[in-house]
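The values are calculated or read from the model by the stated rules, or taken from the named source; none is laboratory data. From a predicted model like this one, the values you see are computed outputs, not experimental measurements. Cβ placement follows ideal geometry from the backbone for every residue including glycine, while neighbour counts extend to all protein chains displayed. With ligands, DNA and RNA removed, areas are computed over all heavy atoms of the protein, side chains included. Shrake-Rupley method; radii C 1.70, N 1.55, O 1.52, S 1.80 Å.
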Amino acid sequence: MSWTEDEDQQHKITDATSSPPNKSSVKDNLDPNKEIWSLLEKTLSENLIEKRRSRRWKIFFRFLTLIIVISVIVGWFAKSSLQDVSLEGDVVAMIPMRGVIGANAEIESSEFVRLLDNAYQNTQLTGVIIEMNSPGGSPVHSGIIYDAIRSKEQAYPEIPVIVVVEDMAASGGYYIASAANEIYADKASLVGSIGVISSGFDASHLLEKIGVERRTFTAGRNKAFLDPFTPMTEEAKAKWQAVLDETHQQFINAVKEGRGKKLVITDDVFSGMVFTGSQAIKIGLIDGLASVNDILDSRFPNAEPVVYEPKQDSWKELAKELGVEMATRVINSTNLQ
């Protein structure tokens, strides 16, 4: 093949025309998008900074919460330890008995017998004040606490046991109170109700009217004598009444033993009637009108009151303390404008 100089020159022009654009030209073509890329880069940078700031605050608040929890735990254990430290001066034990008496009730015999034992372990003990506010309850638990108080009085005759009635000491509440050396109440307090009750209803005739027949299978003719849908036999009535009468007599004997010659026996004293504090003085159910503060000021002016009451589960107490502490801190850190 042959070629000429003119053809060679023509090829060079063609190659120059078809060659790819250089970097400068590409960059110039992208110039319209530079602002978009810059804005995107700035947004991503600010988002990263914000995430880092948020992470730092989370770490700070977690650390603060941990400090609060540790402080509450340490304070709670310190408080528990301080409660066990014996005081140097005289001590008067304060035992609140408030609520219904019975198993799994506010006043349970096992708990309060243990509280009595704990109180008498203090060598500086000079007196026991029971703050009574109970409508009554189980005669069994009332009797157990009564016996425990009487036993302590015999073992430690120099330490008086004083009951101060708040709203009421009725039925089982007065059963327990009568074990004390002295009983005081407010003039409007309700005291007494020395009796026993067992209530129910007879719906057997109702079943007959609506055509329903009761089917009860028992082993022992008196096993279902308290079934409200079955008529009670005369035999069952007599025997159940004998049980109540015996329980009532136990109550009466306990009151007589506890109150001794102070008691003025009338037709109403053991009838189950309740009396006001003013009325109760006249028949010897109480020794006078006074409040807890009155007794502390007049009888134990130099003694330090120490409260003995049933403790909840340790972790429940801690959770309660923690909840109160957290709520207090939140309230204190909140300013109302």
Phi-based couplings in Hz for the stretch 218-229 (Karplus 6.51, -1.76, 1.60; Gly and Pro marked x): 9, 10, x, 5, 9, 4, 10, 5, 9, 5, x, 9
Ranked highest first by the average count of other Cβ atoms within 10 Å around their residues, in what order do 236-248, 105-117 fall? 105-117, 236-248
For the stretch 151-264, with all protein chains present and a 1.4 Å probe, just round the carbon and sulfur fraction of the accessible area to a whole percent. 55 percent
Over the stretch 238-300 - Rg/Rh using Cα atoms and the Kirkwood inverse-distance radius: 1.11
For the stretch 259-301, what does the accessible surface come to per residue with a 1.4 Å probe? Please give it in Å². 57 Å²
Normalised contact order of the stretch 124-210, rounded percent, pairs of Cα under 8 Å and 6 or more residues apart: 32 percent
Whole-Hz Karplus ³J(HN,Hα) for the stretch 139-147, in order, using 6.51 cos²θ - 1.76 cosθ + 1.60 and θ = phi - 60°, x for Gly and Pro? x, 5, 5, 4, x, 5, 5, 4, 4
Any idea what the alpha-carbon Rg over 2.2 N^0.38 Å comes to for the stretch 192-287? 1.56
Spelling it out for Ser193: with amide H atoms placed in the peptide plane at 1.01 Å from N, the residues 5 or more places away or on another chain with amide H under 5 Å from its amide H are Ser171, Met273, Val274, Phe275
Between Phe229 and residues 5 or more places away or on another chain, which pairs have amide H atoms under 5 Å apart, with H built 1.01 Å from N, and which residues are they? Ala203
In terms of modelled amide H atoms, which long-range or inter-chain residues lie less than 5 Å from the amide H of Met168? Ser134, Leu190
If you bin the C-alpha pair distances of the stretch 267-307 every 10 Å from 0, what whole percents do you get? 25, 35, 24, 15, 1
Using a Förster radius of 51 Å, what is the FRET efficiency between Asn122 and Val264 based on their Cβ-Cβ separation? Nearest 0.05, please. 0.90
